[in-house]
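The values are calculated or read from the model by the stated rules, or taken from the named source; none is laboratory data. Being a predicted model, the structure only gives us computed values, none of them experimental. So basically every Cβ, Gly included, is an ideal-geometry build from the backbone, and we count neighbours across all protein chains shown. For the accessible areas, the whole protein counts, side chains as well, though only heavy atoms, and no ligand, DNA or RNA atoms are used. Shrake-Rupley method; radii C 1.70, N 1.55, O 1.52, S 1.80 Å.
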Amino acid sequence: MTEFTLWDIVRNLLLAMRWTVLLSLVSFIGGGLVATLLLFMRIGRGRFLRFVAKYYVELFQGTPLLMQLFLAFFGLGLFGINVPAWLAAGFALILWSAAFLTEIWRGCVESVFKGQWEASASLGMGYVQQMRYVIIPQALKIAIPPTVGFSVQVIKGTALTSIIGFVELSKAGTIVTNATFQPFTVYGLVALFYFALCWPLSKSSQILERKLNVAHRSH
Amino acid sequence: MAGRTYPCRPLNHGVRHHAFAGWRFIHSTERGSVLKYVFDYSWLAQYWPVFLKGLTITVELIAVGAVIGIALGILCAWIRSLGPQWLRPPVTLYVELIRNTPFLIQLFFIFFGLPSLGVQMSELQAANLAMIINLGAYSCEIIRAGIQATPRGQFEAGSSLAMSPFETFRHVVLVPSLQRIWPALTSQIIIVMLGSSVVSQIAAEDLTFAANFIQSRTFRAFEAYFVSTAIYLLLAILLRQLLVVTGRLIFPRRSVR
């Protein structure tokens, strides 16, 4: 029987961690783009679009991410295409993070003081100008800490893609466990690697929140 | 799976199921026949007790997880904000570790990792423990925020009324803090309930496990997951309503802020 050293385990897990990072980046950026679209639907004037965006968010926040992954995996197959795990994983995670980011950013836009809307309207600004010059710059500043905080949720969410067969850190942990019979060490290490990815983001989110809040209050 | 009893008849129940279930040649276009997927929910008539059983397990998991998890969260929040100094670093480590690792890995660590230390447990016990530990960490952070928002004068007012530190904490600090953060706690409980779908991966027989079981029997994967997703959505809506009503019953006095 082959003997596995600790370095063998660590090396294999680190190699798989690339895919966790890549999938997180794709989901976060893709989710951000879809969320931008949804945000404008959600806070816009069109009643129907508002309705669609609202229930999109409700739907994705009210169902498990695992189920969304399963439905993407088997649902995309219904169009007669062969669905690789990475495609279903990316697709579901983008839609899922879009829902959460829309809700976070909507809160940020709505927390901009109402007088700002009225003031900019009284300066003769149109909707687009109000958004571009008055509301978005202020909302962006409020949005940074919770958005960074949500990136942690995305990284943790990618762990579920192992269940539909995408080989990232968690799946690699299972594979390495099956080869080495050392679940305690392997899953401990996997947890530590996730911690190493997520903790700096959580911490910076907290620090940013404190800093930006102070700046916000001094106005 | 062998040896487990399921509230439905086993294989070979008259309906032919195979890996291409659902795909039919439809003679509809002038170009000839087209391969199309036809949705079929007829298996529901036979398999709904499986969903029901899975649902009861999911409800049991979240009920136990929420009650004990929040109790653990209250204890940890007390330690981190008012408790003895020497206990704070380990509790902080626990909270940060849990909040920055995926629930799936926590579950695998408990179920597959701990037995090598001699801690054996069943799938359901492992799932329950993982949910308690997970919700304990998250609710600790939420409740701590509530406790820290308590004005300093409240503590002094409590002790000036000859209340013991424990009585002050229980009546003056904790209850208003919980009331303040109840909406956040409600959301977190629902997130944990939805997250519980991964306990199917250690073969705890929850709602997702039921869906996996049904799709492996009928090859109706999309339909099985679609129905279970709908059940999760309903459960999330009901749970939110239940928690809102519970909040109103526990905290009837609106004046406490």
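Select from segment B:58-95 the residues that are open to solvent by less than 20 Å² (accessible area, probe 1.4 Å) and within 14 Å of another protein chain (Cβ to nearest Cβ) and write down the one among them that is nearest to the chain's Cα centre (by Cα).
Step one: list which residues in segment B:58-95 are open to solvent by less than 20 Å² (accessible area, probe 1.4 Å), which gives B:58, B:61-62, B:65-66, B:69, B:73, B:76-77, B:79, B:83, B:91, B:95.
Now drop any that are not within 14 Å of another protein chain (Cβ to nearest Cβ), which leaves B:58, B:61-62, B:95.
On the way: B:58: 7, B:61: 7, B:62: 5, B:95: 18 Å.
The residue in question is B:62.
Restricting attention to segment A:189-208, report how many residues are at the interface with another protein chain (Cβ under 7 Å from one of its Cβ atoms), free of Cβ contacts under 8 Å to residues at least 60 places away in the same chain and not aromatic (Phe, Trp, Tyr).
Here the count works out to 3.
Taking segment A:60-80 only, how many residues are part of a helix (DSSP H, G or I) and either among the polar types (S, T, N, Q) or within 7 Å of chain B (Cβ to nearest Cβ) (or both)?
Initially, segment A:60-80 is screened for residues part of a helix (DSSP H, G or I), giving A:60-61, A:65-77.
Cutting the leftovers down to either among the polar types (S, T, N, Q) or within 7 Å of chain B (Cβ to nearest Cβ) (or both) gives us A:61, A:66-68, A:70-71, A:74-75.
Number of matching residues: 8.
Give the residue that is nearest to the other protein chains (Cβ to nearest Cβ), with candidates limited to residues of segment B:182-196 that are open to solvent by 20 Å² or more (accessible area, probe 1.4 Å) and hydrophobic (A, V, I, L, M, F, W, C).
The initial filter retains those residues of segment B:182-196 that are open to solvent by 20 Å² or more (accessible area, probe 1.4 Å), namely B:182-184, B:187-188, B:191, B:195.
Within this subset, residues satisfying the condition of being hydrophobic (A, V, I, L, M, F, W, C) are B:182, B:184, B:191.
Working: B:182: 18, B:184: 13, B:191: 9 Å.
Result: B:191.
Out of segment B:142-172, which residues are in contact with a Lys or Arg (Cβ under 7 Å, 6 or more places away or on another chain) and in a helix (DSSP H, G or I)? Let's see the steps before the verdict.
Step one: filter segment B:142-172 for residues in contact with a Lys or Arg (Cβ under 7 Å, 6 or more places away or on another chain), giving B:144, B:146, B:149.
Within segment B:142-172, B:144, B:146 qualify.
Which of (1) β-branched (Val, Ile, Thr); (2) within 13 Å of another protein chain (Cβ to nearest Cβ); (3) over 14 Å from the mean Cα position of the chain (by Cα); (4) within 23 Å of residue A:63 (Cβ to Cβ) does residue B:199 not meet, given it meets every other one?
(3)
Which one is nearest to residue A:213 (Cα to Cα), of the residues in segment A:110-141 that are out of contact with any Leu (no Cβ under 7 Å at 6 or more places or on another chain) and in contact (Cβ under 8 Å) with a residue 40 or more places away in the chain? Quick ask: steps written out before the conclusion?
From segment A:110-141, those out of contact with any Leu (no Cβ under 7 Å at 6 or more places or on another chain) are A:110-140; that's our starting set.
Keeping just the survivors that are in contact (Cβ under 8 Å) with a residue 40 or more places away in the chain gives A:110, A:127.
Details: A:110: 16, A:127: 27 Å.
Result: A:110.
Going through segment A:140-182 one residue at a time, which ones are facing chain B (nearest Cβ under 8 Å), open to solvent by 20 Å² or more (accessible area, probe 1.4 Å) and under 15 Å from residue A:12 (Cα atoms)?
A:174, A:182
Open to solvent by less than 20 Å² (accessible area, probe 1.4 Å) and among the aliphatic types (A, V, I, L, M) - does that describe any residue in segment B:159-177? Outline the logic, then answer.
Just the residues of segment B:159-177 that are open to solvent by less than 20 Å² (accessible area, probe 1.4 Å), to begin with: B:168, B:173, B:176-177.
If we keep only those that are among the aliphatic types (A, V, I, L, M) as well, we get B:173.
Yes, there is a match, as at least one residue in segment B:159-177 is open to solvent by less than 20 Å² (accessible area, probe 1.4 Å) and among the aliphatic types (A, V, I, L, M).
Is it fair to say residue B:118 is surrounded by fewer than 19 Cβ atoms within 10 Å (Cβ to Cβ), under 22 Å from residue A:190 (Cα atoms), at pLDDT below 90 and small (Gly, Ala, Ser)? I'd like the intermediate steps shown before the answer.
Working: surrounded by fewer than 19 Cβ atoms within 10 Å (Cβ to Cβ): yes; under 22 Å from residue A:190 (Cα atoms): yes; at pLDDT below 90: yes; small (Gly, Ala, Ser): yes.
In short, yes.
Go through segment B:217-233 and give me each residue that's in contact with a helix residue (DSSP H, G or I) (Cβ under 9 Å, 6 or more places away or on another chain) and more than 7 Å from every other protein chain (Cβ to nearest Cβ). Even if it seems obvious, please write down each step before you answer.
Pass one, segment B:217-233, residues in contact with a helix residue (DSSP H, G or I) (Cβ under 9 Å, 6 or more places away or on another chain): B:217-218, B:220-229, B:231-233.
Those that are in contact with a helix residue (DSSP H, G or I) (Cβ under 9 Å, 6 or more places away or on another chain) and more than 7 Å from every other protein chain (Cβ to nearest Cβ): B:217, B:218, B:220, B:223, B:224, B:227, B:231.
Looking at segment A:1-21, which of its residues are of a type outside the set (Lys, Arg) and open to solvent by 80 Å² or more (accessible area, probe 1.4 Å)?
Our first condition is that a residue be of a type outside the set (Lys, Arg); within segment A:1-21, this holds for A:1-10, A:12-17, A:19-21.
Answer for segment A:1-21, where residues must be of a type outside the set (Lys, Arg) and open to solvent by 80 Å² or more (accessible area, probe 1.4 Å): A:1, A:2, A:3, A:4, A:6, A:7, A:15, A:19.
Would you please name the residue that is farthest from residue B:116 (Cα to Cα), looking only at residues in segment A:176-206 that are of a type in the set (Phe, Trp, Tyr) and assigned to a helix (DSSP H, G or I)? Working first, answer last.
Looking only at segment A:176-206, we keep the residues that are of a type in the set (Phe, Trp, Tyr), and these are A:181, A:184, A:187, A:193-195, A:199.
After this cut, where a residue has to be assigned to a helix (DSSP H, G or I) as well, the list is A:184, A:187, A:193-195, A:199.
Working: A:184: 7, A:187: 12, A:193: 21, A:194: 22, A:195: 22, A:199: 27 Å.
Filtering first and then ranking leaves A:199.
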